[in-house]
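Quick notes on the structure that follows.
Taken together, the values in this text are just the output of simple stated rules run on the coordinates, not laboratory data. As the structure is a computational prediction, the values presented were derived from the model and not from experiment. Cβ coordinates were reconstructed from backbone atoms using ideal geometry, including for glycine residues, and neighbour counts include every protein chain displayed.
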Amino acid sequence: MQHVRSTPADDRGCGWFHLSPPRQARPAHAGSKDAPWVVIGAGLTGLSAARRLAQHFPSDEIVLVEAQEVGFGASGRNSGFAIDLPHDIGAADYIGDPATARMNLKLNLAAQDIIRKLVVEHDIACDLRPVGKYQGAAEPRGIAVLDAYRRGLDKLGQDYQVLDEDAMRAHLGTGFYSKGLFTPGTMLLQPAALVKGLADSLPSNVTLYENTPITGFDYANDKTILTHQGGRITAGRLLLTNNAFASSFGFLKGKLLPVFTYASMSRPLTAEEQARLGGRDFWGLIPADPFGSTLRRTSDNRLLVRNSFSFNPNGRSSSFVRGVGAYHRASFARRFPMLPGVEFDFTWGGAMCLSRNHAAHFGQLRPGVYGALCCNGLGITRGTITGALLADWLAGERNELIDFLMSAPGPCANPPQPLLSLGVNLNLRWGQRRAGKES
Ligand SMILES: Cc1cc2nc3c(=O)[nH]c(=O)nc-3n(C[C@H](O)[C@H](O)[C@H](O)COP(=O)(O)OP(=O)(O)OC[C@H]3O[C@@H](n4cnc5c(N)ncnc54)[C@H](O)[C@@H]3O)c2cc1C
């Protein structure tokens, strides 16, 4: 039996989780079980894969195993941008090769379609709104990024609106941004409410076990034997949708980067504070500089700030989260000087699974084991669609989206430790410093 080197441990501070409708977690697994299909990780990718497998194989039991409660992992603690447009930070115009960008756009649009339909069909109260997103710049470097991205969007034939400082203030209330790019295709949502709702509306042939961290595995007779504190589950075929924890199972070792990012959410603004802020009452902004701050104004009139990164090679929450609130407070004060007494109710962190070449894994990991892994910070759309397509592929379907994913290069190798940690930490620190007041 091989040991799973690290299991998830997220902090308890996530505002989205606590503010979403409470639900009863499904019982942990106990005893011994055999199933034709087992999916590890009930985030957006695993929920999507399990649902689609259940549709393809209605007489098979699909077992979905989650280490924590659904909504407690990264899928419930992100900023809630279900983004349509490709954004290749490795390309000069952020679009790069138009043919690749068009396929990524198709993938994202297909994911949005899945999310929209499931939310309507199962009446999931996750505040899903197709309101678009702003991308904001406060300094010349950020403005240059917006100009380059605009050229990329022209190349791709996508709509956008350029906003000057006054227009940004009119839309968002803050006069912090000197330029903005509004793109209409993004949907905003409450991430924890979405994943909780998806978990509670799974087809009847999916059995979900929560609070069941898989801690050991072995391969015998074409099957995978998974062990945990309370028993064992034998998988005919195993799907790994557990983000960077795939490397704790020995896959993509030295290729994934578990990078944590952090958010704080304010208390609800009073009516008087809302009037003082002005602007629209529901919006989301991502930074022109990738090391800048993401902002949301929620339907219950809270403001969210997301920035700061730490490299946590074991994928678990670290003490970094304790100090990050003060950093968020400074970012908040720069943007909302008209709201001096607004405290944060919540501060939390969460893992993104990145790769150095921004590529993901899709397909087989070894005979009988498959993965949709490494969403590179865009898991709402990417996880939803790759989970579903992995199930389609396993059911024998072939189409241009599957072919595109199967032919993608996959994550590249990282340098060995301790060089890796040194390099990533330096990079993160330098990026945050360079972001200047946009952080
Ligand atoms: C603060 C923050 C903001 C973000 N903002 C956005 C955004 O606005 N838009 C966007 O698209 N993306 C965003 N992201 C990224 C997004 O959250 C991820 O890409 C997404 O959650 C990936 O989904 P996933 O299902 O593949 O993995 P995860 O959500 O990480 O789910 C994997 C699950 O596997 C479980 N697991 C791991 N190991 C085991 C084990 N041994 N046994 C059992 N279960 C296990 C984990 O508990 C976890 O729940 C953000 C991330 C963070 C942290």
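DSSP finds beta bridges in the chain, and of those with both partners inside it, around 70 percent are antiparallel. Give the long-range amide H neighbours of L239: residues separated by 5 or more places, or on another chain, with amide H under 5 Å away, using H modelled in the peptide plane at 1.01 Å from N. When sequence neighbours closer than 5 places are left aside, the close amide H contacts are V38, V39, I40, Y370. Once the Cα-Cα distance is subtracted from the 0.36 nm per residue extended length, the W430 to S319 segment shows a gain of 37.9 nm.
Between H358 and T215, the simple label model (points 7 Å from Cα in the Cβ direction) yields a spacing of 4.0 nm.
For the range 148-187, what D do you get in µm² per second when you plug the Kirkwood radius from alpha-carbon pairs into Stokes-Einstein at 20 °C and 1.002 mPa s?
Details: Rh = 10.9 Å.
Approximately 197 µm²/s, per Stokes-Einstein.
Please work out whether the range 348-430 counts as rounded, prolate or oblate from its C-alpha gyration tensor, where a ≥ b ≥ c are the square roots of the eigenvalues and a/c under 1.5 means rounded, while otherwise a/b larger than b/c means prolate and anything else oblate? Prolate is the answer for the range 348-430, as a/c is 1.5 or above and a/b outweighs b/c. When only alpha carbons are used to place a centre, the range 87-115 and the range 27-81 end up 26 Å from one another. Taking 17 Å as the cut-off, the amide N atoms of the range 78-107 that come nearer than this to a point 7 Å along the Cα-to-beta-carbon line of S407 belong to 97-107. For A359, the residues whose amide H sits under 5 Å from its own are C412, ignoring neighbours fewer than 5 places away on the same chain, with H placed 1.01 Å from N. Angle, helix 140-156 long axis vs. longest principal axis of the chain, Cα atoms, 0 to 90°, nearest 10? So the inclination is approximately 60 degrees.
If a/c stays under 1.5 just call it rounded; otherwise compare a/b with b/c (prolate if a/b is bigger, oblate if not). Do that for the range 224-268, with a ≥ b ≥ c from the square roots of the Cα gyration tensor eigenvalues. Cα axes put the range 224-268 in the oblate bin. Once the C-beta distance of A9 and S421 is scaled by a Förster radius of 22 Å, the resulting FRET efficiency is 0.70 to the nearest 0.05. Every pair of different Cα atoms in the range 242-330 enters the Kirkwood calculation, which places the hydrodynamic radius at 15.3 Å. By its C-alpha gyration tensor, with a ≥ b ≥ c as the square roots of the eigenvalues, how is the range 33-81 shaped: rounded for a/c under 1.5, else prolate for a/b larger than b/c, else oblate? Here the range 33-81 falls in the oblate category. The ellipsoid that matches the Cα gyration tensor of the range 342-387 has semi-axes, each √(5λ) in whole angstrom, of 29, 11, 10, with the longest given first. Per-residue ellipticity at 222 nm computed for the chain from its helices equals -10000 deg cm²/dmol, with DSSP H segments shorter than 4 residues left out and the rest contributing -39,500 (n - 2.57). Taken over the alpha carbons of the range 93-189 as equal point scatterers, the Debye sum produces base-10 log I(q)/I(0) values at 0.12, 0.19 Å⁻¹ of -0.48, -0.98. Each residue of the range 277-286 was assigned a 3J(HN,Hα) from its phi angle through the Karplus curve 6.51 cos²θ - 1.76 cosθ + 1.60 (θ = phi - 60°); the sequence is 6, x, x, 6, 9, 7, 7, x, 10, 10 Hz, with glycine and proline shown as x. If you take the alpha carbon atoms of the chain and fit the smallest convex hull around them, that volume is 131 Å³ per residue. Normalised by the number of residues in the chain, what is the relative contact order in percent for Cα pairs under 8 Å and 6+ residues apart? For the chain, the relative contact order is 25 percent.
Between 0 and 90 degrees, the angle of helix 379-394 with respect to the longest Cα principal axis of the chain falls at about 30 degrees. Between R329 and D154, the FRET efficiency estimated from the beta carbon spacing at R0 = 30 angstrom works out to 0.20. Along its principal axes, the range 1-127 has C-alpha extents of 53, 38, 37 angstrom, given from the largest down.
Sorting the Cα pairs of the range 127-278 by distance into bins of 10 Å, from 0 upward, gives 8, 20, 25, 20, 17, 9, 1 percent per bin.
Sorted ascending by nearby beta carbons within 10 Å, beginning with the fewest, F404, F176 become F404, F176. Relative to the first principal axis of the alpha-carbon coordinates of the chain, what is the inclination of helix 320-335, with its axis defined by its Cα atoms, in degrees from 0 to 90 and to the nearest 10? Value to nearest ten degrees: 30.
Report, in whole Å, the centroid distance computed from the Cα atoms of the range 366-392 and the range 200-236. Centre-to-centre distance over Cα atoms comes out at 18 Å. Using the average count of surrounding beta-carbon atoms within 10 Å as a protection proxy, the listed peptides 410-417, 377-384, 59-66 rank, highest first, as 377-384, 59-66, 410-417.
Within the set K253/K437; K223/K253; K133/K253, which residue pairs have Cα atoms separated by over 31 Å? Show your work: numbers first, answer last.
Values: K253/K437 36 Å; K223/K253 22 Å; K133/K253 35 Å.
Beyond 31 Å between Cα atoms: K253/K437; K133/K253.
Each residue of the range 159-172 was assigned a 3J(HN,Hα) from its phi angle through the Karplus curve 6.51 cos²θ - 1.76 cosθ + 1.60 (θ = phi - 60°); the sequence is 6, 7, 9, 8, 10, 8, 4, 5, 5, 4, 5, 5, 7, 10 Hz, with glycine and proline shown as x.
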